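Take a look at the structure below.
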Amino acid sequence: MTSTSKPESLEKKEQVHRVLIGKKQILVTEEEPLLVQLERAGIHVEYQCREGYCSSCSIKLLWGNVCYPFEPLAWVQSGYLLACCAIVKSDIEIAFFD
Amino acid sequence: MSYSTFNRKKFDSMKEPMFFGENVNVARYDQQKHPIFEKLIEKQLSFFWRPEEVDLSNDRKDFQKLEEHEKHIFLSNLKYQTLLDSVQGRSPNVALLPIVSLPELETWIETWSFSETIHSRSYTHIIRNIVNDPTLIFDDIVTNEEITKRADSVSKYYDNLIEMVNLYNTMGFGTFNIPGKGDIEITMPKLKKALYLTVASVNVLEAVRFYVSFACSFGFAERTLMEGNAKIIKLIARDEALHLTGTQHMMNLMASGKDDPEMAIIAEECKDDVRDIFIEAAEQEKEWATYLFKDGSMIGLNAQILGQYVEYITNVRMQAVGLDTYFETKHNPIPWINAWLVSDNVQVAPQEAEISSYLVGQTDNSLDDSDFDDFDL
Ligand code: FES
Ligand SMILES: [Fe+2]
Ligand SMILES: [Fe+2]
């Protein structure tokens, strides 16, 4: 291992965030939107367009930060996120529809 | 306040409200008060499709093999879809164009309505392909009581707004006696209320009623029947997702007061009415489900499951426009619908389709860092 690779891998490690859903917890990266990472973890999320215009994947964001690489066409309600296009930027807690 | 097709006043359209301001004059899109409507236009244009692109020859064979009660389900659903798009292909234009005040919103309304006419043309394409005499199907839409009941509830808010705007454009404000209808009072708050309720009922039409009909169409395709039809419905569903986003934006912009402060007061006053519109529509849709399945169910879909989907989707749509949810059903009883609703231009890996079909409600809480070893972190 060279000395230059260490800081790089550390930097990438920092991009891993915890997503809390009820009592469950999964880890996500900033590489992809939240939806695909939730699906990969076996968590069912509603979707239709998967590109930000239908609002089907709207999930409650209880705390933490997400960002959108492009502004979604769907209306994003305050306190909610659109899983198909949201990039998780910190540890977050989310809740499904109640 | 008569309508002009080219308003001769000089005014700043960036300062106009969405509705009931100046009539639009110059159709310009270099600047927008609400850029969302320009984006919706662009997206809708990029979706352009033609029904004839979809081959329905297998559907004809499939249809002939269906049991009688399945034919009833399929055709009734198709008639209902035809009714809804007949309304949507004209009403946004007739009701909203005379009162719209922003060029980008005016063009969004026209683009939106135009796409509905494609939906209508696709029903003709389907009907022509599966039956010998399309007239029998089309005629039944105006005579079948179960369908006409629906027609009343999807058109009444539009019709009321159109009537009030006609009076306003010819007579201005005041109370007018209309033979057979009695006194109708025209004030700006009353016009705005009629508008808000219309937009809400259109949102219900597109975001609830249509999705219930999609569920039926895809119910056949889940059994690998009527797949050409499902392909068309998939294209329609992609458009409808955009339309419902358009009406959600209108409602939320109105309610926020950012567009027109008076509209925020009206939206607040109308909260219970809007809630009732959602609930009433959901109850009607559940009744409709009972009618569809009166002679028998299909594998995977029956009146009870469709009724639960009605409740679920109504909850989702209510919440999207800032209302409290009303029904008990908080989970999608037919999660397989997502794989059908998803647009073709988006790649969904097969395993993701499986996740939505078979792992409903399951979550894996035993994950730790080692589960992510496959990823290049
Ligand atoms: S799936 Fe359509 S907005 Fe996310
Ligand atoms: Fe339509
Ligand atoms: Fe529509």
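The values are calculated or read from the model by the stated rules, or taken from the named source; none is laboratory data. Keep in mind the model is a prediction, meaning the values are calculated, not measured. Please note: Cβ atoms are built from the backbone with ideal geometry, for glycine as well, and neighbour counts cover all protein chains shown. Surface areas here come from the heavy atoms of the whole protein model, side chains and all, with no ligands, DNA or RNA. Shrake-Rupley method; radii C 1.70, N 1.55, O 1.52, S 1.80 Å.
Side notes on the structure shown:
- Per-residue HN-Hα couplings for the range B:252-261 [Karplus 6.51, -1.76, 1.60; θ = phi - 60°; Hz; x = Gly/Pro]: 5, 5, 4, 5, 6, x, 5, 8, 8, x
- With all pairs of different C-alpha atoms in the average, the Kirkwood value for the hydrodynamic radius of the range B:39-345 is 20.2 Å.
- Computed log10 I(q)/I(0) for the protein assembly as shown at 0.08, 0.12 Å⁻¹: -0.52, -1.11, from the Debye equation with unit scatterers placed on every C-alpha and solvent omitted.
- With a simple spin-label model that places each label point 7 Å from the Cα along the Cα-to-Cβ direction, the separation between residue B:31 and residue B:90 comes to 3.8 nm.
- Span from the the range A:45-98 Cα centroid across to the the range B:239-297 one, whole angstrom: 21 Å
- Annotation: lysines with alpha-carbon distance below 26 angstrom to residue B:65 (same-chain offsets under eight excluded): B:79, B:231, B:234, B:294.
- Mean residue ellipticity (222 nm) of the protein assembly as shown, computed from DSSP H runs ≥ 4 via -39,500 (n - 2.57), nearest 500: -17500 deg cm²/dmol
- For chain B: relative contact order, % (alpha-carbon pairs under 8 angstrom, 6 or more apart): 18 percent
- Cα-based shape type of the range B:1-44, given that a ≥ b ≥ c are square roots of the gyration tensor eigenvalues and the cut on a/c is 1.5: prolate
- Whether the range A:2-95 is rounded, prolate or oblate, judged on the alpha carbon gyration tensor where a/c under 1.5 counts as rounded: prolate
- Residues B:188, B:254, B:14, sorted by accessible area with the largest first, give B:14, B:188, B:254 [1.4 Å probe; ligands and nucleic acids excluded].
- Computed accessible area, residue A:67, all protein chains, 1.4 angstrom probe, square angstrom: 50 Å²
- The chymotrypsin sites (Phe, Trp or Tyr not before Pro) of the range B:161-269 include none that meets both criteria, a DSSP state outside H, G, I, E and B (loop) and at most 13 other C-beta atoms within 10 angstrom of the site's C-beta.
- Ligands, DNA and RNA excluded, the heavy atoms of residue A:47 present near 0 Å² of accessible surface to a 1.4 Å solvent probe.
- Per-residue accessible area (protein heavy atoms, 1.4 Å probe) orders B:192, B:39 as B:39, B:192, starting from the largest.
- Surface listing: B:30, B:62, B:276 arranged by accessible area from highest to lowest gives B:30, B:276, B:62, probe 1.4 Å.
- Filtered GluC sites (Glu not before Pro), the range B:273-348: DSSP coil and at most 10 other beta carbons within 10 Å: B:328
- Sequence-ordered 3J(HN,Hα) estimates for the range B:102-108 from the Karplus curve with 6.51, -1.76 and 1.60 and θ = phi - 60° stand at 10, x, 5, 6, 4, 6, 4 Hz, glycine and proline given as x.
- Loop-resident sites, the range A:30-98, for trypsin sites (Lys or Arg not before Pro), counting at most 13 other Cβ within 10 Å (DSSP): A:89
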